[in-house]
Amino acid sequence: MKDIDIKKSLREIVYREENDNHIDYIDLAKGICILMVVSYHCDYGDFLYSNDIVNSFFFSFRMPLYFFLSGIFISFKYGYRNFFKKKINRLIIPFIFFYFTSSVVNEFITPREVPSMFEFLLTETKNNFWNTPIWFLISLFTTYCMYMTIHKFISKNIYLILILSIIIGIGGFSLSYKSINIPFFLDTSMTCFPFVVFGGIMRNKYHLLDNISKIRCVVFSSISFFFVFLFCNGNQLFYENKYDCNLIELYLCGFFGSVGLVYFSKILNYVPIINYIGRYSIIVLGFHKIFILRPILLRITDLPISIVVLLSLLLSVICCIIMIYICRRYLPSMVAQKDLLFKSDL
């Protein structure tokens with residue numbers, strides 16, 4: 001039985017499963033996005049991101065893309081209560097699981113003390129925790145809560161929601177100037193709130209997910225990426241809510257970069273490995289830093305940094321694919337594949 005399951009998982013990496021409800025190019029966009037995250041954590045500006053322009057270009061829309069894609073699929077048609085339950089199962093439960101898994105691993109690989117979960121969520125000590133990427137799960141959850149609260153009162157006017165989101169975004173961005181951090185990454189959630197609303201508008205009002213010709217996709221993605229190249233400036237550290245650019249550059253690059261990557265993904269539509277890790281990107285997000293072997297490779301080999309980075313990236317991706325299989329089979333409720341708490345009344 002296990003051999004059959006393994007063969008099925010390997011086949012899924014290469015081919016689409018039948019009766020698949022996923023949108024291929026959205027999985028591809030998520031896969032490209034998570035690869036940008038993993039590759040940077042393997043690189044840290046030594047090889048792939050050593051060029052300031054390249055670094056600035058990808059930093060400008062890497063995290064906005066996640067928020068943008070999340071906004072595309074927001075739906076309250078089953079009610080706000082069920083929406084809230086679903087997000088607890090899909091974001092809070094995985095965060096807790098990844099946090100404690102990381103803490104256990106920390107006992108074996110590093111001597112430093114791990115802050116408690118609540119210390120990590122209180123931003124003053126967040127940099128003491130090495131598996132920082134899981135901050136995004138909390139930030140997205142608080143963003144969803146903001147959207148849900150506003151939508152409950154003015155659901156019929158999406159453009160009013162957009163205006164309010166921009167005001168909230170300006171407030172979050174302003175906090176970065178004063179170096180004010182709010183617990184539970186609420187400052188970043190405020191800054192990124194407009195990207196979530198943009199995503200919903202692009203799907204519902206401008207039909208972003210509709211089928212269009214590849215020629216138009218090439219044109220739209222090229223124009224979008226040109227705007228990103230034109231306005232990108234410095235590094236955008238969304239995790240810390242610190243930005244090298246101004247407000248207009250932040251939102252222009254985040255918006256055009258997100259739209260551009262979606263259209264670019266429509267052109268390719270399906271790239272086996274990338275689609276697979278994109279579909280289960282939450283597992284890759286939570287585990288990839290555990291498998292980054294760059295420090296070990298630097299310690300035990302004399303390989304050039306370029307080889308160390310690429311080898312570390314390859315090994316991390318392979319280990320994450322293995323973890324996808326293990327988690328889907330044995331721990332689906334821990335990694336957003338099944339509900340653990342209060343089943344949604346759908």
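The values are calculated or read from the model by the stated rules, or taken from the named source; none is laboratory data. Note that the structure is predicted; figures quoted are calculated from it, not measured. So basically every Cβ, Gly included, is an ideal-geometry build from the backbone, and we count neighbours across all protein chains shown.
One residue is enough: does the range 142-164 have a residue meeting the conditions part of a helix (DSSP H, G or I), under 22 Å from the mean Cα position of the chain (by Cα) and basic (Lys, Arg)?
no
For the range 82-106, give me the residue count where each residue is in contact (Cβ under 8 Å) with a residue 12 or more places away in the chain, over 13 Å from PHE129 (Cβ atoms) and either out of contact with any Gly (no Cβ under 8 Å at 6 or more places or on another chain) or of a type in the set (D, E, K, R) (or both).
Qualifying residue count, the range 82-106: 13.
May I ask you to list the residues in the range 150-165 that are touching a residue at least 40 places away in the same chain (Cβ under 8 Å) and either closer than 30 Å to SER116 by Cβ or among the β-branched types (Val, Ile, Thr) (or both)?
If the condition is that a residue be touching a residue at least 40 places away in the same chain (Cβ under 8 Å) and either closer than 30 Å to SER116 by Cβ or among the β-branched types (Val, Ile, Thr) (or both), then ILE158 is the only one that fits.
Within the range 176-225, restricting attention to residues that are part of a helix (DSSP H, G or I) and among the charged types (D, E, K, R), which residue is surrounded by the most Cβ atoms within 10 Å (Cβ to Cβ)?
ASP187
Which members of the range 43-69 meet the condition of being under 20 Å from ILE307 (Cβ atoms) and touching a Ser or Thr at 6+ places or on another chain (Cβ under 9 Å)?
ASP43, ASP46, PHE47, LEU48, TYR49
Would you pick out the residues in the range 175-184 that are over 23 Å from the mean Cα position of the chain (by Cα) and hydroxyl-bearing (Ser, Thr, Tyr)? Give the derivation first.
Narrowing the range 175-184 to residues over 23 Å from the mean Cα position of the chain (by Cα): 177-180.
Selection gives TYR177, SER179.
In the range 104-119, which residues are modelled with pLDDT of 75 or more and touching a Ser or Thr at 6+ places or on another chain (Cβ under 9 Å)?
MET117, GLU119
Identify the single condition in (1) surrounded by 16 or more Cβ atoms within 10 Å (Cβ to Cβ); (2) more than 29 Å from ILE96 (Cβ to Cβ) that PHE136 does not satisfy, given that it satisfies every other one.
With (1) surrounded by 16 or more Cβ atoms within 10 Å (Cβ to Cβ); (2) more than 29 Å from ILE96 (Cβ to Cβ) applied to PHE136, the lone miss is (2).
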